[in-house]
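**Student:** Before we start, here is the structure in question, set down as structure tokens.
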Amino acid sequence: MKKGDLIIGLFAIIIMAILGISYKIYINSLGTDRYVSIYVDGFVREKIKLTNSNEEYYTVLTENGKFIEIVYGRLVDTEYDYNVIFIHNGGVEVLAADCENQDDVRQGFVKMPGIAIICVPHHLKVVIEGGEPENDAISR
Ligand SMILES: [Zn+2]
């Protein structure tokens, strides 16, 4: 083997290692994407990508636990039942609701994936999902 071949060989190995590491970082970054999922009556009605810079209000309108619609923004003057969801600082909270128990409002700010905010009277569940690395699913 000539000295030149050896250098090219080493160079190729280094390039492949860099590509491999970049790919892994890329895959991991995909896997750590988080979403705020809003469920009403067991169905996902809205899925919002969560970043640290989100500062958004969504008002969920229901009637007897049946889904009506999700309005972007803060809406409390409505004939329907409502839950105002506020996404900020990489987490989510129910800021206001017209349910009797106010359990969802009292639960406060949630940042952890998998911890659900639930409003039983309105059949509402708000939960942060994602954060599982994608390559984990493949290697399992
Ligand atoms: Zn409630």
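**Student:** Among the residues of segment 85-97, how many are over 17 Å from A116 (Cβ atoms) and either near the ligand (Cβ under 8 Å from one of its atoms) or assigned to a strand (DSSP E or B) (or both)?
**Tutor:** 2
**Student:** How many of the residues making up segment 101-115 are more than 8 Å from the ligand (Cβ to nearest atom) and not aliphatic (A, V, I, L, M)?
**Tutor:** Total meeting the criteria: 7.
No lab work stands behind these numbers, since they all come straight from the coordinates. These figures come from a predicted structure and were not determined experimentally. Neighbour counts are summed over all protein chains in view; Cβ atoms, including those assigned to glycine, are modelled from backbone coordinates with ideal geometry.
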